[in-house]
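Q: Once you've had a glance at the structure underneath, I'll fire off some questions.
The values are calculated or read from the model by the stated rules, or taken from the named source; none is laboratory data. Given the structure is predicted, the values throughout are model-derived calculations rather than measurements. Virtual Cβ from ideal backbone geometry, glycine too; neighbours counted across all protein chains shown.
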Amino acid sequence: MGSMNLDDIPGGSLCVVDTNVLLYAEQGVSTQAQRLMRRIERRELIGVVPQPVWQELTHKLMLAEAMMLGQISGGNPARQLAAKPDVIKRLTIYRDKVSALITLGLGFETCTKTDLLDKALPLQERYGLMTNDSVIAAIAIRLEADALVSADTRFKVVKDLKVYAPSDLKMA
């Protein structure tokens with residue numbers, strides 16, 4: 001079975017969405033990702049975002065805003081920004097973007113102790129996944145998601161997941 005793009009996701013599907021797809025929609029790098037978000041907004045698809053994705057997305061949008069404002073640059077942006085709490089206090093765009101995604105209809109799925117200990121750690125052992133990826137996969141499996149939506153090819157090894165990836169990335 002070849003890899004399936006985001007337009008192949010059947011209507012009514014429960015989709016667990018990874019950080020990169022949310023960022024690609026936000027940055028206009030993938031029109032498939034943007035169409036996916038519109039389908040979720042119209043309730044044609046059910047979009048669920050696992051807790052580690054919300055955290056990573058918030059972190060990346062915060063760094064992007066600080067860079068855009070010229071407050072940080074170059075290497076190790078997270079460390080640079082961590083040293084500037086007054087800058088963080090003044091950032092507002094990233095918070096609005098995260099709130100807007102919740103308003104749009106994306107669900108928030110917490111990571112349970114069972115997800116981590118009974119599902120994610122064995123997935124790491126079996127497939128060699130990094131921690132956040134294994135937690136995302138564990139949550140998708142628990143929810144019996146119809147689709148894991150990610151540009152991350154590492155998820156393709158997980159037998160219990162149906163992975164859909166954008167095939168139209170316009171990289172800057």
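Q: Among the residues of segment 136-150, are any farther than 17 Å from T58 by Cα and either modelled with pLDDT under 95 or surrounded by fewer than 15 Cβ atoms within 10 Å (Cβ to Cβ) (or both)?
A: yes
Q: Give the residue, chosen from F155, F108, that is surrounded by fewer than 19 Cβ atoms within 10 Å (Cβ to Cβ) and aromatic (F, W, Y).
A: Result: F108 is the single residue among F155, F108 that is surrounded by fewer than 19 Cβ atoms within 10 Å (Cβ to Cβ) and aromatic (F, W, Y).
Q: Let me confirm something: among E65, E26, which residue is at pLDDT below 95 and either part of a helix (DSSP H, G or I) or among the charged types (D, E, K, R) (or both)?
A: Of the residues listed, the single one that is at pLDDT below 95 and either part of a helix (DSSP H, G or I) or among the charged types (D, E, K, R) (or both) is E26.
Q: So which of V21, V48 ends up being assigned to a helix (DSSP H, G or I) and among the aliphatic types (A, V, I, L, M)?
A: Testing whether each residue is assigned to a helix (DSSP H, G or I) and among the aliphatic types (A, V, I, L, M) leaves just V21.
Q: Take L121 and tell me if it is in contact with a helix residue (DSSP H, G or I) (Cβ under 8 Å, 6 or more places away or on another chain) and more than 17 Å from N20 (Cβ to Cβ).
A: For L121, the condition - in contact with a helix residue (DSSP H, G or I) (Cβ under 8 Å, 6 or more places away or on another chain) and more than 17 Å from N20 (Cβ to Cβ) - is met.
Q: Of these, F108, F155, which one is at pLDDT 95 or above and in a strand (DSSP E or B)?
A: Just one listed residue meets the conditions, F108.
Q: Please work out which one of (1) surrounded by fewer than 19 Cβ atoms within 10 Å (Cβ to Cβ); (2) without any contact (Cβ under 8 Å) to a residue 40 or more places away in the chain; (3) among the polar types (S, T, N, Q) is the condition T58 fails and give its number.
A: Unmet for T58, out of (1) surrounded by fewer than 19 Cβ atoms within 10 Å (Cβ to Cβ); (2) without any contact (Cβ under 8 Å) to a residue 40 or more places away in the chain; (3) among the polar types (S, T, N, Q): (2).
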